[in-house]
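As structure tokens, the structure follows; a few thoughts come after it.
Read-outs: derived from the displayed coordinates by stated rules, not from any lab. Values in this document were obtained by computation on a predicted structure and should not be read as measured data. Positions of Cβ are backbone-derived with ideal geometry, glycine not excepted, and every protein chain shown enters the neighbour counts.
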2 protein chains.
Amino acid sequence: MARSSTRDEILRVATERFARFGYKGTSLQDIAAGVGCSKATLLYHFAGKEAILQELVAPAVRDLAELVARLQTLDDRTVPGAAIDGFVDLVLRYRHEVSLIYDAIPQFQHEPAFESVRPHTDLLRAALTGRSGDPAGVIAAEVLLAGIAGVAIDDERDAARLRPALIAVARRALIPPPDKD
Amino acid sequence: MARSSTRDEILRVATERFARFGYKGTSLQDIAAGVGCSKATLLYHFAGKEAILQELVAPAVRDLAELVARLQTLDDRTVPGAAIDGFVDLVLRYRHEVSLIYDAIPQFQHEPAFESVRPHTDLLRAALTGRSGDPAGVIAAEVLLAGIAGVAIDDERDAARLRPALIAVARRALIPPPDKD
DNA sequence: GTCTATAAACAGATAGAC
DNA sequence: GTCTATCTGTTTATAGAC
């Protein structure tokens, strides 16, 4: 498996444009211009605009599922730290795709390629709170999930520099310091 | 000042649809259907789709400017707490509008109605960090700003219940606990 | 596999009747 | 102030030549 070029280039340009201007804000024309081909060529390689989106997010959705499955094996005490590390790594590995998923979820949440995202982020949120169910903790976890994803879209910044800062803020916000009595 | 009805109803429906599906994801047709009138009626009351957007965000942008101006008068020690309280209140007062501003900024940041948003959020971010300029602190502030705005869009939840939880997570993440030596 | 040409649907916006 | 009808441009997608 290797040679394809045009197909890969379409995916590369589409990922970048979708993340910058949103799914609705990017036309096939825009992508074709970026690739240097015609719209018809795009639609030779993909069944439609939505098929490009689905192929784009598939690896990120798959890795989210893997992360959540791995977290299920941990106990309530160790799971928040692992969830933080895992989510930050996921988001930095798929910066463009994650922001695109946030963008497209309102429209495509019931499409096959997206239907697992909501339940998995629910489990991830539960893992971040040590499955405590505490309402304030749940809200804190949501703030961190949305915030980390929102910051990661800005790919001007070096992932290696971003990673420790994102992990640090999440730990400070979500993991209570040990009692001092 | 009182009677108008149709015009107010257009703004109400547009705010809700823009927040749910994004500016690009909402057509004049969608808004007209929600209001129960024709597209032509929309365009009698407003110069165009963008004019609806601008009128929608104006109060939120104005209050953001007021908040930032007020924060400028505070010293570096007290400013982070005031910035957190002020931003949470702003976001809860304009839940739909704030998420809409996040959505529309990439496209309209240079339009008159939006041009003050970036500089003001820069000042707000600086206020959240006590103007320390510490890179990790700046990233933490961005995570909290984006995360709080992201959570506030979900208006299923009671603002009175959300407020203390949002303030608590922001304080925990952004304001270092007093030294214990 | 890639192109040009074109279809079909939809967008925002206007004209003019009521 | 609201409507129907229409214009114009853009969108996704297809047909068919090369």
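Phi angles across the range A:37-43 convert, under the Karplus curve 6.51 cos²θ - 1.76 cosθ + 1.60 with θ = phi - 60°, into 3J(HN,Hα) values of 9, 9, 4, 4, 5, 4, 7 Hz, Gly and Pro given as x.
Only Cα pairs under 8 Å and 6+ residues apart enter the sum, and on that basis the relative contact order of the range A:45-181 stands at 32 percent. Helix B:79-93 versus the longest principal axis of chain B: what is the Cα-based angle in degrees, 0 to 90, to the nearest 10? Its long axis makes an angle of about 20 degrees. Using only the alpha-carbon atoms, how far is helix A:117-128 inclined from the longest principal axis of chain A? Give it as 0 to 90 degrees, nearest 10. Helix A:117-128 sits at roughly 30 degrees to that axis.
Rg and Dmax over the alpha-carbon atoms of the range B:38-90 stand at 17.1, 54 Å.
Residue-wise HN-Hα couplings along the range B:26-35, as the Karplus relation 6.51 cos²θ - 1.76 cosθ + 1.60 with θ = phi - 60° gives them from phi, are 10, 9, 4, 4, 4, 5, 4, 4, x, 6 Hz; Gly and Pro carry x. Counting, for every residue in A:129-141, the Cβ atoms of other protein chains within 10 Å of its Cβ and taking the mean gives 3.
Quick one: which of A:29-39, A:167-177 comes out on top by average Cβ neighbours within 10 Å, and what's the full order, highest first?
On the way: A:29-39: 15.6, A:167-177: 18.9.
With the highest mean Cβ count within 10 Å placed first, the list reads A:167-177, A:29-39.
Placing R0 at 30 angstrom, the Cβ-Cβ distance between A:SER27 and B:SER38 gives a FRET efficiency of 0.65 after rounding to 0.05.
How big is the Kirkwood radius of the range B:39-157, worked out from every pair of different alpha carbons and given in Å to one decimal? The partial results should precede the final answer.
Numbers: mean 1/r = 0.0660 Å⁻¹.
It is 15.2 Å.
Counting lysine pairs in the protein assembly as shown whose alpha carbons fall under 15 angstrom apart, excluding pairs fewer than 8 residues apart on the same chain, gives 6.
Classification of the protein assembly as shown by its C-alpha gyration tensor yields an oblate form. The axis ratio a/c (a ≥ b ≥ c) is 1.5 or more, and b/c is at least a/b. Calculated [222 nm] ellipticity per residue, helices only, for the protein assembly as shown: -23000 deg cm²/dmol; basis is -39500 (n - 2.57) per DSSP H run with n ≥ 4, divided by all residues, nearest 500. Remark on A:THR129: its backbone amide H falls under 5 Å from none of the residues 5 or more positions apart or on other chains, H modelled at 1.01 Å from N. Across the range B:57-73, computed HN-Hα scalar couplings (Karplus, 6.51 cos²θ - 1.76 cosθ + 1.60, θ = phi - 60°) run 8, 3, x, 5, 5, 4, 5, 4, 4, 5, 4, 4, 4, 5, 5, 4, 7 Hz from first to last residue, x flagging Gly and Pro. For chain A, the longest principal axis of the Cα atoms and the long axis of helix A:135-152 meet at an angle of about 40 degrees.
Label-to-label distance for A:GLN72 and A:THR6 is 4.2 nm, based on points extended 7 Å past Cα in the beta-carbon direction.
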